[in-house]
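The values are calculated or read from the model by the stated rules, or taken from the named source; none is laboratory data. Since the structure is predicted, the reported quantities are computational estimates derived from the model, not experimental observations. Glycine gets a Cβ as well: all are built from the backbone with ideal geometry, and neighbour counts include every protein chain shown.
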Amino acid sequence: MRHIAAHYVFTGIGNPIPMGVITLNDEHVITEIGVLTDETESTEFYNGILTSGFINAHCHLELSYLRNQLKPCVELADFIGQMTKIPRRPPAANEALAAMCAADAEMQREGIVAVGDICNTAGSFPLKRRSAIYYHSFIEAVGLDEIAAAAAMQRLRQLCADAQQAGLPASITPHAAYSLSDALLDAAMDAANRAGILSVHNQECDTENELFTAGRGALHDLFAAAGFPLPPVTGQRAIYRLLPRIAPSVRALFVHNVALSEDDYDRATDRLPHLTWVLCPNSNRHIGQAVPPVDLLYRKNARIAIGTDSLASNSRLSVLEELKSISRRFPHIPLQTLLQWATVNGAAALGKEREWGCLRTGANAGIVLIENVNLHNLCLTADSRARPLVLSVKRDTCLRDENR
Ligand SMILES: [Zn+2]
């Protein structure tokens, strides 16, 4: 039995509890949440806020070896240009794995318990099997060559089957509106619709829209110069190449959304009731010095979740650092709302709302302490930091496995 108390407990449901106390049994399952009335000797009291474990709704663990390798860009096309100039030879397997292990350990230290992770290879699977973190592996379809689509899908299906055989949740997903031929997009969407979940990069910059509306712009020029086949000019913004292909029942994660308009938002949410808008503000700043439309989405009461993106475009894999960025720029958004984005909404986006995202009786979702909070105004400060206090379900399983 453990009693953990702090100045506030944010459960993810309802209002924050001042001087809240959480009681856990020996299995780390919450048996009671209440208000601290009399502090007993066994009560652990912490300065700050308690919340459930964070959900990183968008990451690319495989790209961890690119930490500090790519220069900040002014435009997505610059970033893609830099990525395509990286030597074709992948890093040595041990080097890539060491970088992924360090990234996984960093996320654990940051209180992250579940991740939606984009995969192009099987490189991360052995690590994910052992990790304390729950990963959903999104096996990413990308390729503009129509003729190569069938072979690409065959490879992706095999990769997905390999992950599932290793006991890892996995599903095929398209990369973005601009990077797939019609044939590959149709096939990848079909697979995602059948899996009931997808994660797609959406409108990461306005040149993505320009590519489809007018067949010009920085992305167009990059593809043309590289000799890539160009996606069709539809006269519509990028998001409309995706929407009609997604089944309404799918849990869709739309990632970035920097160049999303209000009309795009309205039409997307009309079609997709289970859509989550994943924001990665620190990556957006690195890739295009851009800011996601937080105010629009907040005003619309959108379901928002938080992603770190990869270490190719971010210096940290910390959900709290993303919240701090949003809080600095949009100080009117209450901390309670920010924490819902980082916990409950991310868990629901991955279809894991029963397991993670909330502190409630019977839950074992991890407990994270946020220290150095402005408790007077209930807001994050530049020095706020996350510290995991209690392990979540998968962590326990892993630890037991390792002790065998
Ligand atoms: Zn990404």
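Restricting attention to strands (runs of 3 or more DSSP E) lying wholly within segment 180-284, give those where 1 or more residues are small (Gly, Ala, Ser) and buried (at least 19 other Cβ atoms within 10 Å of the Cβ). Working first, answer last.
On the way: elements: 197-202, 251-256, 275-279.
So the answer is 197-202, 251-256.
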Across segment 30-57, what is the total count of residues that are buried (at least 17 other Cβ atoms within 10 Å of the Cβ) and either within 20 Å of residue 101 (Cβ to Cβ) or free of Cβ contacts under 8 Å to residues at least 24 places away in the same chain (or both)?
-> 3
Keeping to segment 97-111, report how many residues are within 16 Å of the ligand (Cβ to nearest atom) and either in contact (Cβ under 8 Å) with a residue 40 or more places away in the chain or within 14 Å of the chain's Cα centre (by Cα) (or both).
-> 2
A careful count of residues in segment 340-355 that are closer than 22 Å to residue 387 by Cα, in contact with a Lys or Arg (Cβ under 9 Å, 6 or more places away or on another chain) and not polar (S, T, N, Q) gives 4
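For (1) in a loop (DSSP other than H, G, I, E, B); (2) modelled with pLDDT of 95 or more; (3) within 16 Å of the ligand (Cβ to nearest atom); (4) not assigned by TED's automatic domain parsing to the domain that holds residue 115, each residue gets a yes or a no:
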{"site": "286", "(1), (2), (3), (4)": "no, no, yes, no"}
{"site": "305", "(1), (2), (3), (4)": "no, yes, yes, no"}
{"site": "313", "(1), (2), (3), (4)": "yes, no, yes, no"}
{"site": "317", "(1), (2), (3), (4)": "yes, yes, yes, no"}
Return yes when residue 170 is within 16 Å of the ligand (Cβ to nearest atom) and crowded, with 23+ Cβ neighbours inside 10 Å and no when it is not.
-> no
Those residues of segment 237-261 that are of a type in the set (Val, Ile, Thr) and within 15 Å of the ligand (Cβ to nearest atom) come to a total of 2
